Amino acid sequence: QVQLVESGGGLVQAGGSLRLSCVASGRTFSNSSMGWFRQAPGKEREFVAAITWSGLSKYYASPVKGRFTIFRDNAGNTADLQMNSLKPEDTAVYYCAVREGLIYYSASKYDYWGPGTQVTVSS
């Protein structure tokens, strides 16, 4: 059974940094893409960043480009999200997700999800 677990969320002041981690287990994730999404209260879940299994291709949403960086380990079972220069508008529950094949921006294209981790940025 596939399981994703996120960690690293918390409360931080604006301008600060957090690093989120996602560990996937239950099967081999070769040829899969791992993504991070977020959902703020009253808003739809939105794409944040994603990375291919090889780690060679990375994509970022415009609001986080230049501030967030996604990493993947050699085994392909973890994906970290380094978040710098955090803003209050980054406050949300952050979710890790996995899908087979190429990166998609749509949450509906992802097959497996973690329970989420709360990130709160105070002004």
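The values are calculated or read from the model by the stated rules, or taken from the named source; none is laboratory data. Predicted model only: the values in this text are computed from it and were never measured. Note that we place each Cβ from the backbone using ideal geometry, even for glycine, and neighbour counts take in every protein chain shown. Surface accessibility is based on the protein's heavy atoms, side chains included, excluding ligands, DNA and RNA. Shrake-Rupley method; radii C 1.70, N 1.55, O 1.52, S 1.80 Å.
Annotations
- Rounded FRET efficiency, nearest 0.05, which uses the C-beta distance separating Ala14 from Leu102 and R0 of 30 Å: 0.30
- Along region 29-36 the Karplus relation, 6.51 cos²θ - 1.76 cosθ + 1.60 evaluated at θ = phi - 60°, assigns HN-Hα couplings of 10, 5, 6, 10, 10, 10, x, 10 Hz to successive residues, with x for each Gly and Pro.
- Percentage relative contact order, region 1-107, counting C-alpha pairs under 8 Å, at least six apart: 35
- Among residues other than Arg38 with Cβ under 12 Å from its Cβ, the summed charge is -3 (Lys and Arg +1, Asp and Glu -1).
- 3J(HN,Hα) along region 110-123, derived from phi through the Karplus expression 6.51 cos²θ - 1.76 cosθ + 1.60 where θ = phi - 60°, amounts to 9, 8, 10, 9, x, x, x, 9, 7, 10, 10, 10, 8, 8 Hz, with x in place of Gly and Pro.
- Check: region 46-101 dipole with +1 on Lys, Arg Cβ and -1 on Asp, Glu Cβ, in debye: 160
- Built amide H within the under 5 Å cut-off of Tyr112, gap 5+: Val98
- Cα-projected label distance for Ser122 with Ala61, points at 7 Å along beta-carbon direction, nm: 2.4
- The modelled label-to-label distance for the pair Lys43/Asn31, using points 7 Å beyond Cα in the direction of Cβ, is 3.6 nm.
- Accessible solvent surface per residue of region 36-113, calculated while the other protein chains remain in place, 1.4 angstrom probe, Å²: 52
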